[in-house]
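*Asks:* I have a structure here, written as structure tokens, and I will follow up with some questions on it.
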Amino acid sequence: MPLHHSLSLETKLRKKVTSTFFSQTKSHSSRDEPVKIVSTTAVPSGSSEYSSGQTSADGNVEVHAASEPLAALLGCSGRCSGIWQHNEFVEDTRRKVYLARNDKSTPNMNKCTANVTIPPQTYAGTPPLVIARGGFSGLFPGSSYNAYQFALETSVPDVILWCDVQLTKDGVGICLPDLRLDYVSNAALVFKNKRSTYIVNGVSMQGWFPVDFTLNDLANVFCELDPNRTYKFVSSCTVIQNIYSRTNLFDQSQLQILRVEDVAQLKPPGLWLNIQHDAFFSQHNLSMRSFVISTSRSVIVNYISSPEVNFLRSIVTRFRPSTTKLVFRFLGQDNIEPSTNQSYGSLLKNLTFVKTFAAGILVPKSYIWPVDSLYLQPHTSVVLDAHKEGLEVFASEFANDVPFAYNYSYDPVAEYTSFVDNGNFSVDGVLSDFPITPSEAIDCFSHIGKNTSGKENLLVISNEGASGDYPGCTDLAYVKAISDGVDILDCPVQMTSDGIPFCLGSINLIDRTTVVQSNYSSLTASIPGLGDGIFTFNLTWSQIQSLHRKLKLLFLAALLLVVEALQLYLTSPVIGMLRIPMFTSAQDYMKIKPVNLWVYDRLRKKALAAIRTPYPDSDLYRNPSYKNAGKIIALSEFLMLANNATSITGVLIRVENAAYLATQGLSVIGAVQDALANNQTVKKVMIRSTNSSVLKSFKEHSSYELVYEVDENIRDALNSTILDIKKFASSVVISKDSLFPRNVGFLTVLTDISSRLQAFKVPVYVQLFSNEFLSQAWDFFADAYVEINSFAMAGINGVISDFPESAVKYRRNRCLGLGDQTPTYMAPVQPGGLLQIVSPQPPAEAPNPVLKDTDVVEPPLPSVAVRTPPSDTGNGSTAVPPTPPSGQPKVAVHIVLSHLVIFLATLLLF
């Protein structure tokens, strides 16, 4: 059966994939619409911000100096009028913004006086392209019908569909992301005895290869996974997801292997054919050259790429660049290009040669922004050099669910904008597994300034400051959150044994510090209701303060040991040609480093503030170079910092474990009230707790906004329960799963809990938002902005985030407030839209409970017990330095160096 006649299932699924997932939106205006300029504002020459024009309701355009991208080339000192004809300007149809061409823009203006230069952007001066690698391969199996169709529905209107072309035994071109069928399909299960070994670019490879199968072979055998998880053979071979961090629940959807012609039948705005292994297919008497030439007669092919020079040179005269552009694909810089026997790094230095057979280059993103230990290095000149040679530049290897540079804080939009909006250059396109993200990055987030006013009324509340970037509740985390533009700065209050309130995300020091590696590890205890740990109320404030010591002190201490080792080496006896350090016992070892060992041990026993890494088993570490940086601060310091930050509107103080602390003679409520009284502020003060009795205690003595946190996933609340909550709180915090519950990682429904609470005039804040893709449902495509947008569109009042910068940036994006003109990539997802096309359907999970009256009732807080003030006794709970033993160094020449390092370390220590 011909493959293109076997798409009935995909056709059947098309409506589900494309119409049930996103809210319906209308397309933007036609490119033929003339625009009248009604007003302008001057833009300085060479400005990195464009002058832009937005179409108003009456068809006119206001042009003004702003951070809008792809905008009109116009700068005026006063009002201007005139018509910009379609043949003079290129409209960006995605948001009704008109971009003037460099060489043809001559609008009829009467009063324009300022001169404007467009900042360096793409080579053609048009928006960067979004190229969907195998369609939406970050979700569906790559190169499947669903992947391609979903990319068309969720990306910019001019998205380019990418097809990795492989040839079958009978010369048919199919789209598969890997040469080995067993990597991307179930061929190994269908054809168990067809495993082969071939030489590919000089490397021996084993697997199932397309050159061993005809198209009918691949079309007439099908593997389906039955409920007992055993395979049975039905009718055809299918594609599967080959990235293990992605869901495999679509592997059973009977997604057939597609021909190039099948992809073309989807009528994409552009088609990109990548020819990765021309030399390999030539060895098997299959001609990629003949295939692409013959295919181009019936299919519009916009781009053809290959990492093989000879292939591109063999077809360069057969294609007109105005119709089909040839692109040379660079592999790793040390990889050898088979035609020239040169490394790709060497070829990069000879772009003049590349220009003889290609119109552009496709490079891994690290060619442009190199990384070292996953930290960004200065950008290279690749884009600028290529543009000077007349070559377009496309960047590859973008995926939301693969760790990228820590500088981006797990924000893929930030990564994309660094390639298209950095003030120096812009690539001409990006190759992505998640085309929705570059679509929103280019169209909604590029070229917006930090001072751009927000279009969404969404309160942004930090979670332990910017705890995704620095250790939570440290000075660095709070300063970063303020810089990010957070509205409400938070402080989870803990108590020390001497009654000092301070900010830390957990009462258990093990959760937020390296205390187990310190001299306080002997204080481990097991407490009912709190668990096992080393608790804040067992240490004094002076001891807690020591927990912020930075790693650079340990470096200095280690330097002391190096000095001592050098002393030992130079004074040791020489045996033969070697100088051997001689000591016969631990006592001898102690004698050779008396002072240095004391300094090192004292530093080693200082626990450090530690950044919380929610997903350590997945290597999703947060800013590891700063994992122990920052200073833990007292509540009074926090309030002073907040008062001096003019950009924030309020503070949120979280109070937990008040009942237990009272039994220990510590009044956390009293400590918070005293701190607020001593640090008067005009900013909003919010008190948050899971304990209604705590909020009642504050309500008796203050007019703060009291926030009740529901500490379980719920789907609804009784009317009587909501009325009870209003007696002690004015707003509520709920979990993400309370609004959007999940089943096997997919959203199921949108509950009514937010709208129900708001109907009683109770604002709703939702937690906890993180940028790491593992924190998000599959429906959000490993994209924090898709997630935040869906919650915001559900009508919540605020978000609580480890990464407040992302939430603040979301509010500023230009794709909000467009009504029925909202693009699909900024429309809220429809819960259940993806889950319904999973086959077979997973068992339904029990719904979350309804919040009842008894769930919010807490017993009264106990009276605060009398407590004897603690003292530092030196009995092990406090590290007391030993008296340094005296003694003369063995080598006088090293005395000055050793003492100097000791002196520097001591200054930093105290």
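*Asks:* Counting only protein heavy atoms and a 1.4 Å probe, tell me what percentage of the stretch 314-400's accessible area is made up of carbon and sulfur. Before the final figure, lay out each step's value.
*Replies:* Working: 1970 of 4000 Å².
In the stretch 314-400, the share of accessible area belonging to carbon and sulfur is 49 percent.
*Asks:* Express in Å², to the nearest 10, the accessible area of R612 obtained by rolling a 1.4 Å probe over the protein heavy atoms while all chains stay in place.
*Replies:* 60
*Asks:* Something else: Within the stretch 448-529, what whole-number % of the accessible surface is contributed by carbon and sulfur, with the 1.4 Å probe and all protein chains included in the calculation? Kindly include the intermediate steps, with their values, before the conclusion.
*Replies:* Details: 1300 of 2720 Å².
It is 48 percent, rounded to a whole number.
*Asks:* When all protein chains stay in place, what accessible area (Å², nearest 10, 1.4 Å probe) is found for R867?
*Replies:* 80
*Asks:* For a protection proxy built on the mean count of beta-carbon atoms within 10 angstrom, sort 429-442, 735-748 highest first, please. Working shown, then result.
*Replies:* Working: 429-442: 29.1, 735-748: 19.8.
Highest mean packing first, the order is 429-442, 735-748.
*Asks:* As an exercise, use a Förster radius of 45 Å and the Cβ-Cβ distance of T452 and N193 to find the FRET efficiency, rounded to the nearest 0.05. The partial results should precede the final answer.
*Replies:* On the way: r = 62 Å, r/R0 = 1.37.
FRET efficiency, T452 to N193: 0.15.
*Asks:* Report, in debye and to the nearest 20, how large the dipole of the stretch 254-335 comes out about its Cα centre when Lys and Arg carry +1 and Asp and Glu carry -1 on their Cβ. Kindly include the intermediate steps, with their values, before the conclusion.
*Replies:* Details: 9 positive and 5 negative charges, 73 e Å.
Computed about the Cα centre, the dipole is about 340 debye.
*Asks:* Place a label point 7 angstrom from the Cα of Y621 along the Cα-to-Cβ direction, then list the residues of the stretch 395-416 whose backbone nitrogen is under 14 Å away.
*Replies:* 403-407
*Asks:* Any of K684/K852; K480/K627; K727/K761; K696/K727; K169/K267 with alpha carbons more than 19 Å apart? Name them for me. Don't skip to the answer; put the middle values down first.
*Replies:* Values: K684/K852 30 Å; K480/K627 15 Å; K727/K761 13 Å; K696/K727 8 Å; K169/K267 27 Å.
Going by Cα-Cα distance, K684/K852; K169/K267 fall outside the 19 Å limit.
*Asks:* Using the Karplus curve 6.51 cos²θ - 1.76 cosθ + 1.60 with θ = phi - 60°, what ³J(HN,Hα) values do you get for each residue of the stretch 260-275, in whole Hz, with x for Gly and Pro?
*Replies:* Those phi angles translate into 4, 5, 5, 5, 5, 5, 6, 6, x, x, x, 10, 10, 9, 9, 10 Hz.
*Asks:* By accessible area of protein heavy atoms, probe 1.4 Å, what ranking do I722, I500 get, highest first? If you can, show how the numbers build up before the last one.
*Replies:* Working: I722 0, I500 55 Å².
Listed by decreasing accessible area, they come as I500, I722.
*Asks:* I want the antiparallel fraction of DSSP beta bridges within the stretch 605-751, as a percent rounded to 5.
*Replies:* Working: 3 of 15 bridges.
Of all bridge pairs located within the stretch 605-751, approximately 20 percent are antiparallel.
*Asks:* Ordering K480, K388 from largest to smallest accessible area (1.4 angstrom probe), what's the sequence? Intermediate results must be reported in sequence, preceding the final value.
*Replies:* Working: K480 45, K388 170 Å².
Solvent-accessible surface, decreasing: K388, K480.
*Asks:* How much area per residue is accessible in the stretch 751-840 when the probe is 1.4 Å and only protein heavy atoms are counted (Å²)? Please report the intermediate quantities before stating the final value.
*Replies:* Details: 2250 Å² over 90 residues.
Dividing the accessible area of the stretch 751-840 by its residue count gives 25 Å².
*Asks:* Here's something else I'd like to know. Using unit Cβ charges (K, R positive; D, E negative) and no other charged atoms, how large, in debye to the nearest 20, is the dipole of the stretch 309-446 about its Cα centre? Write down the numbers at each step before the final one.
*Replies:* On the way: 9 positive and 15 negative charges, 177 e Å.
So the magnitude is around 840 debye.
*Asks:* Only residues of the stretch 335-355 count here: report those whose backbone N is under 12 Å from the spot 7 Å along Cα→Cβ of V200, or say none.
*Replies:* none
*Asks:* Over the stretch 462-516, average the accessible area per residue using a 1.4 Å probe and give it in Å², no decimals.
*Replies:* Numbers: 1080 Å² over 55 residues.
Averaged over the residues of the stretch 462-516, the accessible area is 20 Å².
*Asks:* Ordering I611, I304 by accessible area with a probe of 1.4 Å, largest first, what comes out? Could the numbers behind the result be given before it?
*Replies:* Working: I611 20, I304 0 Å².
Ranked from most to least accessible, the order is I611, I304.
*Asks:* Give me the accessible area per residue for the stretch 149-197, probe 1.4 Å, as a whole number in Å². Write out the running numbers ahead of the final one.
*Replies:* Numbers: 1630 Å² over 49 residues.
Result: 33 Å² per residue.
*Asks:* What is the stretch 690-811 by shape, rounded, prolate or oblate, if you read a ≥ b ≥ c off the alpha carbon gyration tensor as root eigenvalues and call it rounded for a/c under 1.5, prolate for a/b larger than b/c, and oblate otherwise?
*Replies:* Numbers: a/c = 2.27, a/b = 1.65, b/c = 1.37.
In terms of gyration-tensor shape, prolate.
*Asks:* Right, another one. Roughly how many Å² of T751 are accessible to a 1.4 Å probe, to the nearest 10?
*Replies:* It works out to around 20 Å².
*Asks:* By how many nm would the segment from L374 to S343 grow when fully extended, if each residue of separation counts as 0.36 nm and the alpha-carbon distance is taken off?
*Replies:* 8.8 nm
The values are calculated or read from the model by the stated rules, or taken from the named source; none is laboratory data. In this text, all values refer to a predicted model and were calculated from it rather than measured experimentally. Quick reminder, even Gly has a Cβ in these numbers, built from the backbone with ideal geometry, and neighbours come from all protein chains shown. To get the accessible areas, we keep the full protein, side chains included, count just its heavy atoms, and leave off ligands, DNA and RNA. Shrake-Rupley method; radii C 1.70, N 1.55, O 1.52, S 1.80 Å.
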